[in-house]
1. How about segment B:244-296: which chymotrypsin sites (Phe, Trp or Tyr not before Pro) there are in a DSSP loop, with at most 14 other Cβ atoms within 10 Å of their Cβ?
2. Need one value for A:92-104: mean number of C-beta atoms belonging to other chains within 10 Å of its residues' C-beta atoms.
3. For segment B:66-218, what's the radius of gyration and Dmax over Cα atoms, in angstrom?
4. Neighbour counts of other C-beta atoms within 10 Å: give me A:124, B:140 arranged from fewest to most.
5. From the mean inverse distance of alpha carbon pairs (Kirkwood) and the Cα radius of gyration, derive Rg over Rh for the protein assembly as shown.
6. Under a plain spin-label model, where a point goes 7 Å from the Cα along Cα-to-Cβ, how far apart in nm are residue B:103 and residue B:117?
7. Over all distinct Cα pairs, what is the inverse of the mean 1/r for segment A:2-196, reported as the Kirkwood hydrodynamic radius in Å?
8. Taking the Cβ of residue B:216 as the centre, find all other residues whose Cβ is under 9 Å away and add up their charges (Lys, Arg: +1; Asp, Glu: -1).
Amino acid sequence: MVDFLIGLFLATLITALFTTRLYRLLFWYSLNSLTLGLLALTVGSRIGDTAMLVSGGITIALKALAIPYILKTLSQKFRLSRQTPPTIKTQYSIILVPAILVFTFYLAEPVTHMVQGNANYVAISISSLFLSLLLMIEHRNIAPKIVGFLSMENALFLLGTTATGGMPMLVELGIFFDLLMAIVVVNLLLYREEVES
Amino acid sequence: MIGYLATILLLLLLAPILLSFIKAVKMRLLYKRPVSLLQGYRDFSKLLRKESLVSEEASAVTRIAPFLVLSPLLLVLFYLPPIAKGAFYVSFVDAFTITGLLALSTFFLMLLGLDSAGSFGGMGSSREAFISALVEPAMILTIFSVSMMAGDLGVGQAGVNLAHHFPKEHMASYLFAAISFFILLIAENGRIPVDNPETHLELTMIHEAMILDISGPYLALIETAASVKFVIFASLFAGLFLPFGMDHAWPVAAAIFVVKLFAVALAVAILEVNTAKLRLFKVPNLLGIAIVFAFLSLITYYVLGA
């Protein structure tokens, strides 16, 4: 089950890399966070960790529902361009994405010996970290860059969940509040941009 | 033996119904009155009664090609994964054979388009060549990746192995292979993001452009070939990616299998309603995503074993 969810996580991230429309991108991000939350719930119920169950629930509520909705309303409010063509052409991305994946799978090999439990998850979360970096790089517009930043946070959460059996509750909550603050800052930035222009 | 032959007969009989089913679901979702599920049979019998006109420029290819379009597909029907346990015949053919037979059928379809010397036929043939050249590598990669997980290169035996031992530990790469194969199913059958089977709009059509000049019983053969192709892909999907419910008696297993086929058709119909047709030069991107997922499935299996 965890393998299935982790596959779905990577699949939604790769699909997000190839989307050219903003709302579709937000949809894939929301699906990505949903699989992440379900993964945390599954792992948490297996190892009997209440803190992880709570953070999985918060992930679904916040990242899968609230943040995409807020971003959508923000993009409507500031009339962001809904077409977000990547600056890296799709035919190059098709070469680049498998190259990144192969590279990170081998890159994560030394790290995986240090981790007890299933080592594949570390490799997949590091590769999704790099893929979200690519998502930030390949777009010029601000909205997909924000989504790339948020997916990077998702990848780190995945790393924390699967490799270490969950970060301390306090750290998780801090990260969630950070994310909300980031959205507020983005709102302010967009507002200033509109006032100045 | 009887079960094996009955399966093939069942697939042949289901083929027109599945395409009509997709059309009916789409019409219902668009608030139209849906067509009957038997519309495929009605079209077939109507076309058989019509006379067939052949262009003056056409050579013997036009008379031979419709049979050669259909026959490789009929051959593939015999090699599909069995639908129930203890099957009479489990085929040994691998990804290359199945892809090659499908490509042979496509080759004669392209010849048929070129032979009538109309400009639409040539255009349709070149587009079909363009798309099927991109479909083949992804399809071979996908089926090989699934065969690796199943532990057998033969497609039929792979289906049996998957039903016997579902690859729980390889779920991630299995999922990638399934995504890739579903994109291929859509592309190769000319469904909406790639080709719209219902219009005769000259700029967008691919499959219809090749068969514009064909009429009568020949057209009936080509239409049958299209529906058989869909049923091949749907049952490959059902056999390789939905491998459950096979250890019942033959009638029950066949019923479950038919339900799976209709589920695949329903998924295609819902996808068709919800997406717009891609521009022709955007189609390589979609197929590129299929190749990425197929490759990803292989490397996830090899490097990570996940």
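Quick note: the coordinates plus some simple rules give every number you see, no bench work behind them. Since the model is a prediction, treat every value here as computed from it, not as a measurement. Neighbour counts are summed over all protein chains in view; Cβ atoms, including those assigned to glycine, are modelled from backbone coordinates with ideal geometry.
1. For chymotrypsin sites (Phe, Trp or Tyr not before Pro) across segment B:244-296 that sit outside H, G, I, E and B with at most 14 neighbouring Cβ atoms in 10 Å, the list reads B:244.
2. Taking the mean over all residues of the peptide, I get 3.
3. 17.6, 54
4. B:140, A:124
5. On the way: Rg = 24.9 Å, Rh = 24.7 Å.
With Rh from the inverse mean 1/r over Cα pairs, Rg/Rh is 1.01.
6. The modelled label-to-label distance comes out at 3.1 nm.
7. Numbers: mean 1/r = 0.0584 Å⁻¹.
After inverting the mean inverse Cα-Cα distance, the result is 17.1 Å.
8. Result for the local shell: +1.
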